[in-house]
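In what follows, a single structure is set out as C-alpha cells and then discussed.
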Amino acid sequence: MKSAEHLPNRKRMSDTEKQKRLVLIDGSGYIFRAYHGLPPLTRKSDGLPVGAVAGFCNMLFKLIKEHRGDDAPSHLAVIFDAGSKTFRNEIYDQYKAHRPLAPEDLIPQFPLIREATRAFGLPAIEMENFEADDLICTYTHLAKKDGFKVTIISSDKDLMQLVDDDVSLMDPVKGTLVGREGVIEKFGVPPELVVDAQALIGDSADNVPGAPGIGVKTAAQLLLEYGNLDAVLARAGEIKQEKRRQTLIDFKDQILMSRELVTLRCDSPTPVDIDTFILKEPEQDVLLTFLGLMEFNSLAKRVGGNSLSLLQASSALDKLPTAPILRPLYSATKQGSAEAAIQPIHRETYECVQSMEALEKWIACAYEAQVIAIDTETDDLSASHSGLVGISLAVGVNQACYIPLAHTSNEGFDFGDGGGIEQIDFQTAIAALKPLFEDPTILKVGQNIKYDLSVLHRHGIDVAPYDDTMLISYVLEGGLHGHGMDELSELHLGHTPIPFKQVAGSGKSAKSFKYVALKEATEYAAEDADVTLRLWHILKPRLQREGLVTVYETLERQMPAVLSEMELAGIRIDPAILQSLSHDFGTRMNAIEQEAQALVGRPFNMNSPQQLGQIFYDEMQLTGGKRTASGQWATDVKVLEEIAEGKPGLEAGQPLARMLLDYRQMAKLKGTYTDALTGYADKNTQRIHTSFHLAATPTGRLSSNEPNLQNIPIRTAEGRKIRQAFIAKPGHKLISADYSQIELRILAHIGDIPQLKEAFQRGDDIHAMTASEMFNVPMEEMTSEIRRRAKAINFGIIYGISAFGLSNQLGIERGEAGRYIETYFDRFPGIKGYMDATKAFVSANGFVMTLMGRKIHIPEINGKGALKSFAERAAINAPIQGTAADVIRRAMMRMPQALLDAGFTTKMLLQVHDELIFEAPDSEVEAVIPLIKHIMSDATLPALEMSVPLIVEAHAALNWDEAH
DNA sequence: GCAATCACG
DNA sequence: GACGTACGTGATTGCA
C-alpha cells in the first residue's frame, strides 16, 4: 500500500518538520450520498427537512473520529459546488443539462450542510462559476508546491486525473485508496492520460459527448498506441478501422471540446489560503448548539454532551458563523433581539451617506451584522418603471442610514446635476453595494421586498438571499390584519413611522421623492429600514416557535423573486385592437344614450344609479323594486334583467332597462379595459407590467393591480375581444395552462367523497355526475338544465352554501333550494362532515388550515349572528380556495428553474388563480407544454399526495383568447 | 372616502 | 325567531 511506500520519508521529516497532509472532501458528492442513503427525516418541531444534514453530520463525525492518531491530516477542507451553472456552460450549453433537479426537500438543506461543516470547525469552500472538482484541483496543485501529501475523498472518477505520487484518491463508499494502479485499472491509462481518455469516452451523466462509438477499451488502445490525444487526432488518417478513423476525423471538434469540459482547472480563484485549513478540534459548545438546533439528539450525545436546550445553547450562538437560513433560527433563542427591537426609535441617529468613505463604513458594518434591512426609494410607485432615487440600510437597532443617489433641488427642472446636492455618484454607489446585496452569507431583509428586487434588478443587482417581513407576518397572522409596514410597526413596535404623505405631500401637491430635502428623506427612508429590521427580529423567530418555517420556506419565500421576474417581463398588447374596440364601444354607447334620453324625455346621466332609481321608481312608477343596503334603489344587472323581462309592475321600464344593460356592458368594457389598458402599456415595448400582491388575500391567493390582469373579460363574446389584444411577441406564442376544476378536486380530497373521487379519476363530467346522483337521472338522460343546477350546487358548496344564496343563484324558491342542499348532503355525507368539522375547528381555534399547513385566521367567528354565519362560510371556503392557491404557488416557484434546466427560454408572465400564462418561442411550444403540465400537475409532491389527479389543460396561440 | 356596480377565479 | 348571506379580488363612477 501507498502509506508503506512513504513511511520512511515521513518519518525522516517528522524529526525536523512534520509531513503536512491535506485532506480535501468533495462535499457535494457527500450531500447526495447522505440524501439518498437515508429516509426523508424532518425536524420534529417544525417539519424542516433535515435528512441529508443528519447523514452529512454523521459522516463528518465518523471521519474526524477515524482520522485521529498517527497519520492524521494536518489540514482539511470540505469543498462544495457553488451553483448549477459554471464556466463549462459557456463552453457547451448542454453541459450537465440532463441532470434532474435537486429534490425539493433537499434544496433547503444545502445551506444547512455548509453550516454543519462550519459547526464541526471545518472550512466550507466554494467558488461561483467553478465546480468543486476545480477547487480541489487548484488546492491540490498549491498544496503539492508547499510540500503537502494530499488525499481527496470523492467517488468522482474525474478526479483520477489528479492522482500521482503525492496525491491519492479515496473512495468514501468502499474506503479504498486509488493510486496510479487504480487509475490504470479503471481507464486503462495512467493518470496523465485520463483527460485524453475521458475526452474520447465522453460522460453521459455530465452530458459530455466525447467520440461516438468509442468506449474505455478503444480509448486506451488508441492513446497507448499514439501516445496522447493530440497525436491520435493528428494521425487519425493512419487508423485502419474505417469507422473509427472516420469518427475521429468527423468529430474532432467535439472531442476537443469534450477535453476542455473534462479538464479540471488548477487555476480557479481560491477564496482562502491553505493555511486556514489547519485542522483543529471542533468547539464543543458550537457543535452541540448546532446539533441541538437541528434536533439531532443521538449524535449530540455521541459528540459528548448532554443535548442542550435551546436556551442553554444561546451563549454559543455568537461564535457560530451563521448561514442566512439558520441565522433566523438562532435568533429565536437570542434573548434580547426581539426585546432590543422595541427600544424607542431615534431618528436623529440616522446618517445621510454622502461620501464613498461613509458608504464603505456602512458596508463594513453590514458584513459585520450579517442580517441587514434594505429599502429603496423611487420616483414613482410602479416597480417596473420607476427610477431609483436612494437606498436605505439598517444594520441594527437605531443604526440606519440613507444613501441618496438621484436627489435634485431643481424641482420640475431635472438637469441631472442634482442641483448642487452632495451625493455619491450613482454608478459608483451601485457598484459598491452590489457585492453586499448579492453576498450569499448576508441576509437582506425587506418589507414587501419584491418591489426592491425589481428596482435593483433594473440596475444590475440581483438581491439574494432575502427575507420579507410582510410575508412572515402573512404566514403568522394572515386574516388577522393587513401586512403593510405602518400597520405592522404600530402593532409590534407601538411606533408610527413618518407617513409618506408627510414628506412627499399628497394629492395634487404630491412630489417625487427625489425632490424631498435630504434631512427629511433620511429620516423617512432610514426609519423604514430600521423598522423593517426590528420587525424581522420580532417576527422571524416566531415562525419556528409556531411551526410555520416550512410554510414560509415552501409557499412564500421564493415568490418575490418569481413574481418580480414575471412583472418585469410584462405581457404584450396590440393597441390598435384596443383602440378600435374603444371606438366601436363609444359609438354604440352614444347611440344608446341618445335613444334612452329620447325615451325618458330629458338628459340624464346613464352612469348614475341614483338618477336611474329616480327615473324607474318615481317617474315611471315601477313597483316591486329592491333597495341596496344603504336604502338606495338597486339598479344592478339582476334588477335590470327583471325589469327587461317585463314582470308584472315593471312593464313600463322594459325598453329602458334593455338599453341600460347594453350600455352598462359597453361602458364597463371601454372604461375599465379598452381605454385604460393602452395607458398602462410601455410606449416602446407595448408591454403591460402588472403588479402582483402577495399578502392581499386571507386565503393565499394573489391579487393583481395597476392594472388588474386577473379580471380580463372572458364570459361574453364582446368581452373576449379584449383578450384578443393580449398577444405574443413576434416568433412566439402565448401558452395558457389551467387547472381543471381544482377546487372541486380539492373538496373531493378533503371531504373524502368516494363518488367525486372516482368520477375525477375516470375523467367524468363532474357536474353531470353530481346531477345524476342528486336527481336520480341516468347520465344518458341528462339535460343541460339539470346539470346547470348541480353545477350551481357544487360551486355553492365551495362557498359554504346557504339556501338563500342558492335560491338567489338559481332563481328558485328558498324552500326548494333547501331541499336540494339536504339531498346533496344525503348523497355526499362526507361533505356535511367536512363542513361541520370545519365549523367546530374554527370556533375552537379561530383559524383553519390548508392541506399544506397555511393558517387562515377568521377572527369574526367570535362574532354573533350574521357576522358569525359569514365567518363560518368563509371558514368552509378557505381551506379549499387556500389549498388551490398553495398548489399553484408551488408550481410557480418551481417553474422558472424547471424551464431553465430544460434549456427553454419560455417565460412565465401571468397568474390568474388557477391559470398560468407563458410566452414561448415557436420552436419551444410543443416541447415546453408537457413540462409545464408536469410541474403544475405534480405541484403538491412530495409533501402531499392527492387522492384525486390534478389535471392541467394547456393551449398555445397567438393571443390569450385563443390560447385559453 | 364610501357606495354601487361589475370584471375575473 | 331574527338576522341577512353565497367565497375571494380590483377598477370605475358618482356623490357627499
Go through the residues of the stretch A:468-478 one by one and say whether even a single one is open to solvent by 30 Å² or more (accessible area, probe 1.4 Å) and in contact (Cβ under 8 Å) with a residue 40 or more places away in the chain. no
Selection within the stretch A:802-839 - under 34 Å from the mean Cα position of the chain (by Cα) and either near DNA strand C (Cβ under 7 Å from one of its atoms) or of a type outside the set (D, E, K, R) (or both): A:ILE831, A:TYR834, A:MET835, A:ALA837, A:THR838
Do the conditions hold for A:GLU567, that is, is it open to solvent by 70 Å² or more (accessible area, probe 1.4 Å) and among the charged types (D, E, K, R)? no
I'm told A:THR678 meets every condition in (1) modelled with pLDDT under 95; (2) more than 13 Å from DNA strand B (Cβ to nearest atom) except one. Can you identify the failing condition by its number? (1)
Which numbered condition A:ASP250 misses (of (1) open to solvent by 80 Å² or more (accessible area, probe 1.4 Å); (2) touching a Leu at 6+ places or on another chain (Cβ under 8 Å)): (2)
Look at A:ILE888 and say whether it is out of contact with any helix residue (DSSP H, G or I) (no Cβ under 7 Å at 6 or more places or on another chain), touching a residue at least 24 places away in the same chain (Cβ under 8 Å) and among the hydrophobic types (A, V, I, L, M, F, W, C). yes
Scan of the stretch A:633-642 for residues that are open to solvent by 20 Å² or more (accessible area, probe 1.4 Å) and either part of a helix (DSSP H, G or I) or away from DNA strand B (no atom under 16 Å from the Cβ) (or both), ordered by number: A:VAL637, A:LYS638, A:GLU641, A:GLU642
So how many residues does the stretch A:691-703 have that are near DNA strand C (Cβ under 6 Å from one of its atoms) and not in a loop (DSSP other than H, G, I, E, B)? 2
Which count do you get for residues in the stretch A:483-527 that are without any contact (Cβ under 8 Å) to a residue 12 or more places away in the chain and open to solvent by less than 50 Å² (accessible area, probe 1.4 Å)? 1
Out of the residues in the stretch A:364-379 that are hydroxyl-bearing (Ser, Thr, Tyr) and surrounded by 21 or more Cβ atoms within 10 Å (Cβ to Cβ), which is farthest from A:LEU456 (Cα to Cα)? A:THR378
Inspect all residues belonging to the stretch A:814-822 and state whether any of them is within 21 Å of A:GLU743 (Cα to Cα) and within 16 Å of DNA strand B (Cβ to nearest atom). no
Every residue in the stretch A:528-564 that is open to solvent by 10 Å² or more (accessible area, probe 1.4 Å) and touching a strand residue (DSSP E or B) at 6+ places or on another chain (Cβ under 6 Å), please. A:ASP528
Pick from A:ARG715, A:ARG762, A:ARG720: which is among the basic types (Lys, Arg), open to solvent by 10 Å² or more (accessible area, probe 1.4 Å) and more than 16 Å from DNA strand B (Cβ to nearest atom)? A:ARG762
Being surrounded by fewer than 16 Cβ atoms within 10 Å (Cβ to Cβ) and either part of a helix (DSSP H, G or I) or within 12 Å of DNA strand C (Cβ to nearest atom) (or both) is the filter here, so list the residues in the stretch A:776-790 that pass it. A:MET779, A:GLU780, A:GLU781, A:SER784, A:GLU785, A:ARG788
On the given criteria, is A:ASN89 surrounded by fewer than 19 Cβ atoms within 10 Å (Cβ to Cβ), assigned to a helix (DSSP H, G or I), under 25 Å from the mean Cα position of the chain (by Cα) and of a type outside the set (A, V, I, L, M)? yes
Take residues that are more than 9 Å from DNA strand C (Cβ to nearest atom) and within 17 Å of the chain's Cα centre (by Cα) and tell me which of the strands (runs of 3 or more DSSP E) falling wholly in the stretch A:851-929 contain 2 or more. A:907-911, A:915-921
Being within 16 Å of DNA strand C (Cβ to nearest atom), in the same structural domain as A:PRO609 (by TED's automatic domain parsing) and free of Cβ contacts under 8 Å to residues at least 60 places away in the same chain is true for just one of A:ALA657, A:ALA634. Which residue is that? A:ALA634
Expected output for the stretch A:825-841 (first residue under 18 Å from A:HIS749 (Cβ atoms) and open to solvent by less than 40 Å² (accessible area, probe 1.4 Å), partner in a helix (DSSP H, G or I) and of a type in the set (Phe, Trp, Tyr), Cβ below 7 Å, 6+ apart or cross-chain) is A:ILE831/A:PHE825
Residue hits (the stretch A:70-86; open to solvent by 20 Å² or more (accessible area, probe 1.4 Å) and free of Cβ contacts under 8 Å to residues at least 60 places away in the same chain) are A:ASP70, A:ASP81, A:ALA82, A:GLY83, A:LYS85
Is one or more of the residues making up the stretch A:689-702 open to solvent by 60 Å² or more (accessible area, probe 1.4 Å), without any contact (Cβ under 8 Å) to a residue 40 or more places away in the chain and either in the same structural domain as A:LEU661 (by TED's automatic domain parsing) or of a type in the set (S, T, N, Q) (or both)? no
Residues (open to solvent by less than 70 Å² (accessible area, probe 1.4 Å), under 13 Å from A:LEU656 (Cβ atoms) and either of a type in the set (S, T, N, Q) or modelled with pLDDT under 90 (or both)) located in the stretch A:603-632: A:GLN611
Among the residues of the stretch A:49-87, what is the count of those that are closer than 23 Å to A:GLY37 by Cβ and among the basic types (Lys, Arg)? 2
For A:LEU656, are the conditions met, namely being open to solvent by less than 10 Å² (accessible area, probe 1.4 Å), within 8 Å of DNA strand B (Cβ to nearest atom) and not basic (Lys, Arg)? no
Which of the residues belonging to the stretch A:157-196 are among the acidic types (Asp, Glu) and surrounded by fewer than 17 Cβ atoms within 10 Å (Cβ to Cβ)? A:ASP164, A:ASP165, A:ASP166, A:ASP171, A:GLU181, A:GLU185, A:GLU192
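The values are calculated or read from the model by the stated rules, or taken from the named source; none is laboratory data. Everything numeric in this text was worked out from a predicted model, so none of it was measured. Cβ coordinates were reconstructed from backbone atoms using ideal geometry, including for glycine residues, and neighbour counts include every protein chain displayed. In case anyone asks, the SASA skips ligands and DNA or RNA and just uses the protein heavy atoms, side chains included. Shrake-Rupley method; radii C 1.70, N 1.55, O 1.52, S 1.80 Å.
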